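Below is one structure; the comments refer to it alone.
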Amino acid sequence: MSLDGLPRHTRTVGQSELVERLVHVAYTDLQRLCNNLPGQPELDRKRELARYLHNLRQRLTRLHVLVEWAPKNRAAQIAVKCGDMMGQLRQHDMAFADAADRLYGLRQQMDWAAGPLYDTPGALDVLCNGKYSNLPRAIADVAPKPVPLETDPELIRVRDERCRRFDIEIRGLLVDERERGTMPKAMKVFSVRNGECVVGVPGEYRATLTLGGPPPLPPPPEKDEKEDGGEEKEDGGGDDDGADPPPPPPPPPPKLGGWLVVSIEMLAGEMIDADEDEGRAAHARVFPLTKTEVKILGERATARMAGMSPPPPAPPELVEGGAQGLAGLHYVCHDIALRLCAMTVMNQSKKVARGGGAWHGGAIRTEQIMGKAEAKRAESEEKDDGEKEHGETTTRRRVRGAGEGIRMWFWLPGLSGEVKASGSRMAGVDVGSVEVGLGTAAAVDAAVAAGTLPRVELTYVRADDKDSSSGAIAARALVPTATGAVETFELPFSTASVDIKEVLADGIRAAAATRLRRVLEELGPACDAAGVEGVLDEDAVNPGDADEDGWATARRPAISLRLTDAGTSVQVTCGKRGGELRVCGVASIASSGSAASVEHAACVGGIPALRGLLPTLRRYAEERDLRDAARDAGVCTHPAPRSMKGWVNGVAPAALAIVPPASGGVYVGVFVTRDGEPSGAAKSPGKSVKKSAKKKGAAAAAGGGNAGGGGGGVARLALVHAPRAHPAMAPAVASVAPLAPDGVALLDAKKRKSGGDGSFPFDSFDAVVDAVGAAVKSQRVVAQRTTVTSWLRSRGLRFIDARMASDGSSVVAFSAKLGDGAWGAEPAAACEVLLRGVHGVRLTVRGLPRAQSVRGIRGEGGASGIEARGGGEARASRGGVASIAVEADGSFVVAVDYPDGDFSPGAACGDAHRVVATHAFVGRLRPELGVGAWLEPLSAVVETSGGGAARVSWVGGIDDGGLAAVAINEESAKGEDVASEAARVGDAVAFVEALNGASR
């Protein structure tokens, strides 16, 4: 039957009828508007009319499109014919169903019409023997057999025997597969037990096999030779010596059946990033397979191993060459593993490109690598374009990609943001791609076209069923060199944990290693001149905590610059973001400001700037080593001498040792000078410049052949005074005085006038550290004096610091008033601070008058057993040992000895204030108030006639503290707070009344 002659079953509508319907609906709606709109507001009338016109326009547009499309489009005619065919087939189906129903009814009628079939043998058996002999046998045939239990010994024996036979057969098949070469080299046999065999490829898949599958089909017979060849062979004389041997006979079919796939498990997977919010660490996750997918893959693999096409629902496959054995299993599982990995690569590349800065701080451009068909099409288009332009065939340009995959460009130029989307296809999966550039599109396009940007390519090669070793995802890095060539590096790619970020990082490492080799080659002469050793380490790790190059703690190529003989080094790397040169580890040898300056200069200036930075880096390293040596010797050094302002010639010392106490602002600086470098020591007189230069040259020549830590040059020591104008401000250099080479004393004035600066050869750290230690020890008195005098100046006290004690120690003397009147009108105590350097500080307060209320010193008479409720007498600060005595004139003297420490001078000044304040208050206690006082070194015990007793001493700091009273007995405890307030303000009357009132 012709398709044109089919009866019309499809419901169609003519164009005229469709137009008529549309016009009728439009007319009806217009009449309804004319009837409803009068009387309504103007805004509602306009809104309803606009809605009507909009709906009418849409309907007319659809009608116009339909009228233009239907007569010309063949798809509409095909749709009508298909509808007619479906209607005709439905009629046929109904006819067949009716015929089947009628045939079934006819069969039932024929059963009723059939004659009966009598059991004549059974009837004779009953009539003759009186029984039915076949009855027990029939019951035994139809009776259900009992199911054996799992613990049934017979069942266990049968099962073990079956497993043993299966294991023997499986091992034999595995040996045969290996001998025939049908087992892929990458496939491993994990186990053979319990009648099953577990095989697979590590990192890709694992399959469990058993026997019982379809028997393998034999290979097809080889094609006969052409007739022409046969005739020529006969004409040759019929010699059979050169004939090919007959093919070997096919192997016999397995006794227990062919291979049967029990289960398939994917070992390939993807890397999942860590998520701190969810508390999830980075881990690999295998690709999951549903039960349906496992079933389909098992049927495909079973059929291929037997040389057959799989049953539905798996798609049919053409298997040539007969049974493929384990190679067929490998083809199916290997292919699906590669497809899953390829799809994951595309998805991960899209995520990395969209959020490029999330993991490496820069951006990448992702583009598609064309497949074979696309590559051939591109070549033909380029060829046609060349023929049209030049009139002749031009040389074909090399197509960028020959397989399916992606290409990721990194180290893009520019810093602006731009996002573009483009499609991509890999392994037959349309997953899209994303192109992200942090540079301008024009600059990136130009760099890509010129081939000056490094890139990473991942290509997917589909597995071939005839080659078990085919199929892979290959990763490689292509790095352009300075000569214009492109170096190719094969990158590792793991199917067990697909991680495109790690592949991209490996590509960046390869590009960085290529660039650093060139950098090391160009830095060679400069390193030799500066005495720096450079070595390229391709698996280096950032030695510091700072992330200067974006690699954090990951391994990356780096040039290790060994700056000193002690092993101090820094690293030169390529930034992960843009490939610029980065210097890592400078913060560990220099201050943060200096490190930032060096890193910025290397990043911006490149190799030329790095050449000029080598002497600076070596100087920073030597200074760090010098500070470390001083610290190991017990000398505390300033962490950043360059942070101080006011250095001579702007040159800070290599090391600045702090002379305790640190509050004195006294330091011992070590200035290291080489030929051509400015000196940071004190300026010498102008008339001795030539002599000074000659001496420096002689010292440098004497130290030129050294092998110590300095590596040449001269060193000089200087005593630096750098006070703080405010505690919150950085210290500023006020004076720099040269020291003798041994550091014990200042440089002699005669030597200074003659141009000497105390320089000596810088041949080893030990000699310099010993000199610094001696200088710190000898100049400790200076720091102590500076601390005491600064404290006195801050309080406006007059003092004398030029007095020397009998043993040669320095003494700072000042006086303190014991009243509120003017100087001379009130008695004053003479305070002396004896500065003994490493032996500590001694405070002596003399001239404390004996007040009328004073009964004696603590420990004499009745005051020996007095103890306060809160403890004994007041103690000296910072471990000082205090004592009080009576001089010949009847006045008191208080002496306090302090051990060596940073806070001893300050403690002496504070305790002097405490002693004076306590004695000033005791002087206000008159006998007529009925009080008596027993003096202690830093406190006094006051007793009243009413039975009250309290110990008065200074509590708290000098600026925020004051006198306080601590009750000694229970009777005075209630008035303790009032008495303390009265002592703080110096009101003796209120103090006595508070103690007497509490005792009453």
Residue-normalised value, i.e. accessible area per residue, for the stretch 510-623 at 1.4 Å probe, in Å², stands at 40 Å²
Computed ³J(HN,Hα) along the stretch 442-453: with the Karplus parameters 6.51/-1.76/1.60, θ = phi - 60°, integer Hz and x for glycine or proline, the list is 5, 5, 5, 4, 5, 5, 5, 5, 6, x, 8, 9
Toy charge model, Lys and Arg Cβ at +1, Asp and Glu Cβ at -1: the stretch 25-141 dipole around Cα centroid in debye, rounded to 20, equals 1040 debye
Once Ala123 and Trp69 are pulled to full extension, the length gained, defined as 0.36 nm per residue separation minus their Cα-Cα distance, is 11.1 nm
From highest to lowest solvent-accessible area (probe 1.4 Å; ligands, DNA and RNA excluded), Arg984, Arg582, Arg914 read Arg984, Arg582, Arg914
Here the stretch 172-186 yields Karplus 3J(HN,Hα) values (6.51, -1.76, 1.60; θ = phi - 60°; whole Hz; Gly and Pro given as x) of x, 5, 5, 5, 4, 4, 5, 5, 6, x, 8, 8, x, 5, 6
Residues meeting the amide H criterion for Ile272 (H placed from the backbone, H to H distance under 5 Å, 5 or more places apart or on another chain) are His283, Ala284, Arg285
Checked the stretch 18-132 with the C-alpha gyration tensor, a ≥ b ≥ c its square-rooted eigenvalues, rounded below a/c of 1.5, otherwise prolate if a/b is larger than b/c and oblate if not; verdict prolate
Under the 7 Å Cα-to-Cβ spin-label approximation, Ile800 and Gln88 lie apart by a distance in nanometres of 13.7 nm
Carbon plus sulfur, as percent of the 1.4 Å-probe accessible area of the stretch 81-200, comes to 61 percent
Expressed per residue, the solvent accessible area of the stretch 926-999 in Å² (1.4 Å probe) is about 40 Å²
The pairs in Lys645/Lys777; Lys351/Lys501; Lys188/Lys501; Lys185/Lys466; Lys185/Lys255 lying past 21 Å Cα-Cα in this model are Lys645/Lys777; Lys188/Lys501; Lys185/Lys255
With label points set 7 Å from each Cα along the Cα-to-Cβ direction at Val985 and Arg165, the distance between them in nm comes to 11.6 nm
Non-local residues with an amide H under 5 Å from the amide H of Thr637, with H modelled 1.01 Å from N and Pro and chain starts lacking one, are Ile658
In nanometres, the difference between 0.36 nm per residue of separation and the alpha-carbon distance of Ile156 and Glu580 is 145.4 nm
With label points set 7 Å from each Cα along the Cα-to-Cβ direction at Glu320 and Asp820, the distance between them in nm comes to 11.9 nm
Calc'd 3J(HN,Hα), the stretch 277-289, phi into Karplus 6.51 cos²θ - 1.76 cosθ + 1.60 (θ = phi - 60°), Hz, glycine/Pro = x, comes to 5, 8, x, 10, 8, 5, 8, 9, 10, 6, 6, x, 10
On the accessible surface of the stretch 510-623, probed at 1.4 Å with all protein chains in place, carbon and sulfur together account for a percent value of 49 percent
At R0 = 60 Å the Cβ-Cβ FRET efficiency linking Ala450 and Val651, nearest 0.05, sits at 0.80
Eigenvalues of the alpha-carbon gyration tensor of the stretch 462-572, times 5 and square-rooted, give semi-axes in Å, largest first, of 35, 18, 10
Taking R0 as 22 Å and r as the Cβ-Cβ distance between Glu48 and Leu22, the FRET efficiency 1/(1 + (r/R0)^6), rounded to the nearest 0.05, comes to 0.65
Counting only protein heavy atoms and rolling a 1.4 Å probe, one gets per residue an accessible area for the stretch 94-137 in Å² of 98 Å²
Taking the dipole of the stretch 510-623 about the Cα centre (Lys, Arg +1; Asp, Glu -1; charges at Cβ), the one of Thr573, Ala595, Leu563 that reaches farthest to the positive side is Thr573
Between Ala749 and Thr616, Cβ-based FRET efficiency (R0 45 Å, step 0.05) works out to 0.80
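The values are calculated or read from the model by the stated rules, or taken from the named source; none is laboratory data. Since this is a predicted model, take the numbers as computed values, not measurements. Methodologically, a virtual Cβ is constructed for each residue, glycine included, from the backbone with ideal geometry; neighbour enumeration extends over all protein chains shown. Surface accessibility is based on the protein's heavy atoms, side chains included, excluding ligands, DNA and RNA. Shrake-Rupley method; radii C 1.70, N 1.55, O 1.52, S 1.80 Å.
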